[in-house]
Amino acid sequence: MAAGLCGLGSVFVGSTEGCAKLLRETLPDPKSDADLDSLAQRVVAEHRARKQIVPGIGHPIHKPVDPRVPRLFELARECGFHGKYVELIQRVQAEAERASGKTLPINATGAIGAILCEMGFDWRIARGIGVMARAVGLVGHLLEESRQPIAQELWHLAEEEASAHAKPKTA
């Protein structure tokens, strides 16, 4: 558990905080009649000018859609937490794709960051919410490992591959 939680930083889980902060700073008053398309264009242009990724946008594996995101937004809608922050992250995603010419889906941390904003949470606790969620997931992994152990097999495979260069070559 500790090792899993120590691996959390600004990329894994921490991007929830970055996304929530970005959304709150971009749209301080969700009741305003702000032009979300203009805000999205500004966000993307500023990040591109700094050569930074937009928190909550993009995923190395899940393309064109992070499969967790539609369900998260569906649950948010069912619970009454689907508003301007969700709309804004969706417009930021569309603008990021347009500007880059690449497939850049909203990722789970982006969806969660937007939903936390919809719920009225301060962006400063978004990382903590993510850490709690990851801790629950790690408990599930521990149970899975106790029922279907794989750790020893992985250990031996890693040892074999890491030391292969030191073994004598056979013909």
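The values are calculated or read from the model by the stated rules, or taken from the named source; none is laboratory data. No experiment lies behind these values; they were computed from the predicted model shown. Note that we place each Cβ from the backbone using ideal geometry, even for glycine, and neighbour counts take in every protein chain shown. Side chains are part of the model used for accessible areas, which takes the heavy atoms of the whole protein and leaves out ligands, DNA and RNA. Shrake-Rupley method; radii C 1.70, N 1.55, O 1.52, S 1.80 Å.
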### Task
Show the residues, 5+ positions off or on another chain, whose built amide H is closer than 5 Å to the amide H of I57.
N107
### Volume in Å³ per residue [convex hull over Cα atoms, computed for region 43-142]
117 Å³
### Message
Exceeding 24 Å between C-alpha atoms, which entries from my cross-link table qualify? They are K31/K63; K21/K84; K31/K102.
### Response
K31/K63; K31/K102
### Message
Largest first, please: the extent of the C-alpha atoms of region 120-171 along each principal axis, to the nearest Å.
### Response
67, 27, 11
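Assuming 0.36 nm per residue, please report the length gained on full extension of the stretch A151 to H165 beyond their Cα-Cα distance.
Length difference between fully extended and current span is 2.7 nm.
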### Task
Would you mind calculating the gained length between T103 and E46 on full extension (0.36 nm times residue separation, minus the Cα-Cα distance), in nm to one decimal?
18.6 nm
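Could you give the length gained by full extension between I53 and L142, i.e. 0.36 nm per residue of separation minus their alpha carbon distance, to one decimal place? Present the calculation step by step, with values, prior to reporting the outcome.
Details: separation 89, 0.36 × 89 = 32.04 nm, distance 3.29 nm.
Contour length minus the Cα-Cα distance gives 28.8 nm.
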## Note on the structure
Phi angles of region 88-102, converted by Karplus (6.51 cos²θ - 1.76 cosθ + 1.60, θ = phi - 60°) into ³J(HN,Hα) in whole Hz with x for Gly and Pro, give 5, 5, 5, 6, 4, 4, 4, 5, 4, 5, 4, 5, 8, x, 10
### Message
Angle check, please: helix 14-26 long axis (alpha carbons) against the longest principal axis of the chain (alpha carbons), in degrees 0 to 90, nearest 10.
### Response
10 degrees
### Query
A94 versus R124, label points 7 Å from Cα toward the beta carbon: distance in nm?
3.4 nm
### Summary
What the 5 Å binned alpha carbon P(r) of the chain shows, as percent of pairs per bin from 0, is 1, 8, 14, 17, 17, 12, 9, 7, 6, 4, 3, 1, 1, 0, 0
### Query
Excluding ligands, DNA and RNA, what is the solvent-accessible area per residue of region 82-171 at a probe of 1.4 Å, expressed in Å²?
66 Å²
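Work out the FRET efficiency for S32 and K63 from their Cβ-Cβ distance, taking R0 = 30 Å, and round it to the nearest 0.05.
Efficiency computed from Cβ-Cβ geometry: 0.35.
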